[in-house]
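Structure, as structure tokens:
The values are calculated or read from the model by the stated rules, or taken from the named source; none is laboratory data. Note that the structure is a prediction, hence the values are computed from the model and not measured. No Cβ is skipped: glycine too gets one built from the backbone with ideal geometry, and neighbour counts run over all protein chains shown. Heavy atoms of the whole protein, side chains included, go into the accessibility calculation; ligands, DNA and RNA do not. Shrake-Rupley method; radii C 1.70, N 1.55, O 1.52, S 1.80 Å.
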Amino acid sequence: MSDKKLNLKYVACLPVALILFAFLWFFPIEPVTVGNLTFGYSLFFGDGILSQVEVRVIALFVLAAMFWIFEIIPTWCTSTMIIVLMLLTVSDQAAFTFASDANVGSLVSYKSILATFAEPTVMLFLGGFALALCATKVGLDAQLARILMAPFGTNPKMVLLGFLMVIGLFSMFMSNTATAAMMLAFLAPVLRSLPDEGSKIGLALAIPIAANIGGIGTPIGTPPNTIALKYLNEPSFIETINGKLAAANESLGTAFEPIARIGFPEWCSVMVPFAIVMLLISWAMLLVVFPFKVDKIELKIEGKPNKDKSYWVVVVTFIVTVFLWMTEKLHGLNSYVVAMIPVGVFAATGVLGKKELKSLDWDVLWMVAGGFALGLGLNKTGLAAHLVEAIPFGQWMPLLVLVVASLLAYALSNFISHSAASALLIPILAAVATGMAGTPGFEGMGGAATLIVTVAVTCSLAMLFPISTPPNAIAHSTGLIKTKDMALTGAIIGGIGIVLLYLIMIFIGLPKF
């Protein structure tokens, strides 16, 4: 980070964030009149609705949003800071006293806040990271890349298709950032040898496009997926939604089916085909916008795995883990439990040692944990329900709610991390979905799953700028891609992807196995 950017963040953005935080923290709950001006939270939320704890959560939420949007400090640092502030200010062990004992509100259990560091969803990601890291350690990733790219030959168009598909497949089970970096290393010699700029740009753009789209395919592919499933699979959320559906069936004579937990196979059965279709669309688009002017591309992927004990431990564990993830209904082990199998096996066999443990993407895990802590605060204090009551979502057409929410997620995700955008929006949308549950228009559109999953996937489709996502930044670092080229392809893919996603989620939705 340059000194100029650093100074801008600390001189301009940090004071603004802190002033806004203080303003919201001390903003009166009951109306206060100064001259001709009357202000107070009750003017927005209704008299006597908000508690002192809820006001603190509002201030913390906005502080997190400002820090994430402007990246005043790294995103995982913001998450950690928010968790600590929640422990000190809104938990049942809060160190900061309240103005009075009246209208304090519901304090959040400090154990629940601390538990966000080890949420089942965080453990799901931990298992995925362990698989990816150990596969790289034993050379399995390079071997797979070489095997998977072989059928595509040397025809430039087919090599481009191969890169899109292979990167997309890798990103379903590996960090899209790690996948983009690895595949760029394989492609770098080819890019240097190509004679025309158009061919270079198309191939270079294939890396971030495929990495971003591929992550959509599985629950562990990218944090927004796991954040969405965390809320959709919350027992209290499922119970509340099903209660409203049952009430609607009785009072309105409808026949809404109860919702159930969404597992690994349910997600993959829809999102893997969606990702494949989007990769094919991206292939066609890149060929049109950046046509090849060469007849042959030689791709050499170096490196051979050392097929020792560690190699075979990783191969067998990888196969078993993915198999168990995809057959959850047969054996009854949920994806969170299965995710811990590779961690245990690799640790016991020495494949995952202290060095590898330090190399895991802990920053991503802590980033997600901070988002979960904010969601916990929104729900446990009652603020989420009051936000939904204050904003007239019930008066909006359900389709309008879906479109506005997804476009907001898309716009936000182009400027802050996809994880941060989903961590900010999905907890609120989960409350919106609860409030709209049981209404014919909303359930006819697909209900809670359609709203939350669409927003999560839309976050991953945001790839307009180099700052939108790490794979974009990696590709831009080659010096071959201009921002306007990235913005053009990102806008085309984002627009097509969002419309296709609407159609899939509204008319097909995630299956119930």
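Some observations on this one:
- For the stretch 346-353, the criterion of being within 25 Å of ARG146 (Cα to Cα) and either aromatic (Phe, Trp, Tyr) or free of Cβ contacts under 8 Å to residues at least 24 places away in the same chain (or both) is satisfied by at least one residue.
- Taking each residue of the stretch 251-264 that is in contact (Cβ under 8 Å) with a residue 60 or more places away in the chain and part of a loop (DSSP other than H, G, I, E, B) and looking for partners that are among the acidic types (Asp, Glu) and open to solvent by less than 80 Å² (accessible area, probe 1.4 Å) with beta-carbon atoms closer than 7 Å, six or more apart or interchain, yields PHE256/GLU443; GLY263/GLU328.
Condition check ((1) of a type in the set (Val, Ile, Thr); (2) surrounded by fewer than 17 Cβ atoms within 10 Å (Cβ to Cβ); (3) within 30 Å of LEU374 (Cα to Cα)) across all residues:
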{"site": "MET81", "(1), (2), (3)": "no, yes, yes"}
{"site": "LEU114", "(1), (2), (3)": "no, yes, yes"}
{"site": "THR121", "(1), (2), (3)": "yes, no, yes"}
{"site": "LEU131", "(1), (2), (3)": "no, no, yes"}
{"site": "ALA142", "(1), (2), (3)": "no, no, no"}
{"site": "ARG146", "(1), (2), (3)": "no, no, no"}
{"site": "LEU160", "(1), (2), (3)": "no, no, no"}
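- For the stretch 343-390, filtered to residues that are in a loop (DSSP other than H, G, I, E, B) and in contact with a helix residue (DSSP H, G or I) (Cβ under 8 Å, 6 or more places away or on another chain), the residue that is surrounded by the fewest Cβ atoms within 10 Å (Cβ to Cβ) is GLY350.
- Residues being within 32 Å of the chain's Cα centre (by Cα), over 26 Å from ASP363 (Cα atoms) and surrounded by 16 or more Cβ atoms within 10 Å (Cβ to Cβ) - total across the stretch 95-109: 2
- Selection status of ALA17, in a helix (DSSP H, G or I) and either among the polar types (S, T, N, Q) or closer than 24 Å to ALA473 by Cβ (or both): yes
- Any hit, the stretch 300-307, residues being under 30 Å from VAL432 (Cα atoms) and among the charged types (D, E, K, R): no
Residues are listed down the side, and each one gets a yes or a no for (1) crowded, with 17+ Cβ neighbours inside 10 Å; (2) not in a loop (DSSP other than H, G, I, E, B):
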| site | (1), (2) |
| --- | --- |
| VAL294 | no, no |
| LYS300 | no, no |
| ASN306 | no, no |
| VAL314 | yes, yes |
| PHE318 | yes, yes |
| LEU330 | no, yes |
| TYR336 | yes, yes |
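- Residue tally, condition in a loop (DSSP other than H, G, I, E, B) and farther than 30 Å from GLY263 by Cβ, over the stretch 66-120: 21
- Selection count where residues are within 24 Å of SER419 (Cα to Cα) and in a helix (DSSP H, G or I), scope the stretch 137-178: 11
- Scanning the stretch 205-241 for residues that are more than 22 Å from SER269 (Cβ to Cβ) and surrounded by fewer than 24 Cβ atoms within 10 Å (Cβ to Cβ) returns PRO235, SER236, GLU239, THR240.
- Scanning the stretch 179-224 for residues that are in a helix (DSSP H, G or I), touching a Phe, Trp or Tyr at 6+ places or on another chain (Cβ under 7 Å) and closer than 21 Å to LYS512 by Cα returns a single hit, ILE216.
- Residue that is modelled with the lowest pLDDT, among those in the stretch 1-17 that are open to solvent by 60 Å² or more (accessible area, probe 1.4 Å) and more than 26 Å from MET86 (Cα to Cα): MET1
To keep it simple, each residue is scored yes or no on (1) at pLDDT below 90; (2) open to solvent by 30 Å² or more (accessible area, probe 1.4 Å).
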site	(1), (2)
ILE19	no, yes
TRP25	no, yes
GLU30	yes, yes
PHE39	yes, yes
PHE45	yes, yes
SER51	no, no
TRP68	yes, no
ILE72	yes, no
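- Of the residues ALA275, ALA260, the single one that is out of contact with any Pro (no Cβ under 9 Å at 6 or more places or on another chain) and closer than 30 Å to LEU194 by Cβ is ALA275.
- Listed here are the helices (runs of 4 or more DSSP H) enclosed by the stretch 409-513 that have at least 2 residues being free of Cβ contacts under 8 Å to residues at least 24 places away in the same chain, of a type outside the set (Phe, Trp, Tyr) and closer than 20 Å to ILE69 by Cβ: 483-507.
- When residues of the stretch 400-427 are limited to those that are over 10 Å from the mean Cα position of the chain (by Cα) and within 16 Å of LEU63 (Cβ to Cβ), the one surrounded by the most Cβ atoms within 10 Å (Cβ to Cβ): PRO427
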